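Read through the structure below, which is laid out as structure tokens, and then see the notes.
The values are calculated or read from the model by the stated rules, or taken from the named source; none is laboratory data. Keep in mind it's a predicted model, so treat the numbers as computed, not measured. Using ideal geometry, Cβ is built from the backbone for each residue, glycine included, and neighbour counts are taken over all protein chains shown. Calculation scope for accessible area: heavy atoms of the full protein, side chains included, ligands and nucleic acids excluded. Shrake-Rupley method; radii C 1.70, N 1.55, O 1.52, S 1.80 Å.
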Amino acid sequence: ETGVTQSPTHLIKTRGQQVTLRCSSQSGHNTVSWYQQALGQGPQFIFQYYREEENGRGNFPPRFSGLQFPNYSSELNVNALELDDSALYLCASSLPQSTDTQYFGPGTRLTVL
Amino acid sequence: AQSVTQLGSHVSVSEGALVLLRCNYSSSVPPYLFWYVQYPNQGLQLLLKYTSAATLVKGINGFEAEFKKSETSFHLTKPSAHMSDAAEYFCAVSDGRDSWGKLQFGAGTQVVVTP
């Protein structure tokens, strides 16, 4: 059984560009949550997807958007990148019957110049 | 809205000494509480969770935490620190079943273990 995987590992973009981050959930997990972890801070909840629908959103602007696919993998898209978007982006998946336990991927480190 | 406060951004302990990491929460409903550990360049790993069962929760790697409603606390302890415990630790809260997976994290506590 493979764990949660994320790609790419690292990414460098310039201000104003768009970026897509990808997450493959653990086998059988139909719920995926995304978090932003700025340097020296705790993760901040961006949004959650359940059965391909957004199921809750944190305090992030609409330029942060997502998708979940039928195989439960997920994408996080960020438009019009700003310098403050530089962070580690974490994806977490959970089982349908145990959504209190999340399994985190290693993250994607995004640097915006 | 729920939130957590972790007291102390850095903690230094000697190998073999007690590890105590403090977490206080604020929640308008009975909370679900979690402790996660993050090693350098890795994602978060769940250490333990409180979901309204026993107030003393045992986790992996010898860690445990006690839920104290009267003190709104969920402090993490380990009787004897090991060098491999050096990492960053995060306390997190959710509002329960409707908010599972939508965690509010504290700012984290960096643990340094000295020989």
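A few points about this structure:
- Count, lysine Cα pairs under 28 Å in the protein assembly as shown, 8 or more residues apart or across chains: 15
- Over the protein assembly as shown, accessible surface divided per residue gives 47 Å², non-protein components excluded, 1.4 Å probe.
- Solvent-accessible area assigned to carbon and sulfur over segment A:18-88 amounts to 46 percent, based on a 1.4 Å probe.
- Here is the interface size for B with A: some 1500 Å² of accessible area buried, both sides summed, with a 1.4 Å probe.
- Whole-Hz Karplus values for segment B:14-28 come out as 7, 4, x, 8, 5, 9, 9, 10, 9, 9, 10, 10, 9, 8, 7 Hz, taken residue by residue from phi with 6.51 cos²θ - 1.76 cosθ + 1.60 and θ = phi - 60°; glycine and proline positions read x.
- Within segment B:40-56, the residues that become at least 50 Å² less accessible when every protein chain is included than when their own chain is isolated (1.4 Å probe; DNA, RNA and ligands ignored) are B:LEU44.
- Net charge dipole, segment B:1-102: roughly 220 debye, given to the nearest 20, about the Cα centre with Cβ charges of +1 for Lys and Arg and -1 for Asp and Glu.
- Residues in segment A:14-50 that, when all protein chains are in place, have 30 Å² or more less accessible area than the chain alone would give (probe 1.4 Å): A:TYR35, A:GLN37, A:GLY42, A:PRO43, A:PHE45, A:GLN48
- Measuring how big the protein assembly as shown is from its alpha-carbon positions, Rg and Dmax come out at 17.4, 50 Å.
- The accessible surface of chain B, taken with every protein chain in place and a 1.4 Å probe, is 51 percent carbon and sulfur.
- From the Kirkwood radius over Cα pairs of chain B, Stokes-Einstein at 37 °C and 0.692 mPa s returns a whole-number translational diffusion coefficient of 233 µm²/s.
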